[in-house]
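Below is one structure, written out as structure tokens; the observations come after it.
The values are calculated or read from the model by the stated rules, or taken from the named source; none is laboratory data. What you see is a predicted model; the values in this text were computed from it and never measured. Please note: Cβ atoms are built from the backbone with ideal geometry, for glycine as well, and neighbour counts cover all protein chains shown. Quick note on the areas: whole protein, heavy atoms, side chains included, nothing else; ligands and nucleic acids left out. Shrake-Rupley method; radii C 1.70, N 1.55, O 1.52, S 1.80 Å.
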Amino acid sequence: MKVALVHDWLVNFAGSENVFREIVDMFPGDIYTSQANPSVIPFLKGRPVHTSFVQRLPMAFSKHYVYAPLM
């Protein structure tokens with residue numbers, strides 16, 4: 001069975017990212033998200049992360065909440 005792990009954005013480490021880290025540890029599979037900043041989220045190392053076009057927009061990491069309607 002294939003598993004896909006989905007999170008809205010992974011640009012900072014807060015409460016939901018802490019829960020997602022535990023889920024990532026429990027299940028193998030690719031990670032899908034709108035934006036991912038591997039330098040902020042260390043548990044993504046070595047995992048395939050698929051991001052959307054929002055990753056390439058200006059200020060995608062600092063003003064990520066502005067792009068919420070595009071998600």
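The overall shape of the range 1-56 is oblate: from the C-alpha gyration tensor, with semi-axes ordered a ≥ b ≥ c, the ratio a/c is 1.5 or greater and a/b is no larger than b/c. Near ILE23: Cβ cut-off under 15 Å, other residues only, Lys/Arg at +1 and Asp/Glu at -1. The net charge is -3. Normalised per residue, the accessible area of the chain is 65 Å², obtained with a 1.4 Å probe and no contribution from ligands, DNA or RNA.
Ligands, DNA and RNA left out, the 1.4 Å accessible surface of the chain is 63% carbon and sulfur atoms. Full extension of the segment from ALA14 to VAL40, taken as 0.36 nm per residue of separation minus the current Cα-Cα distance, would add 8.3 nm.
By the helix-only formula, in which each DSSP H run with n ≥ 4 contributes -39500 (n - 2.57) and the sum is divided by residues, the chain has a 222 nm mean residue ellipticity of -5000 deg cm²/dmol.
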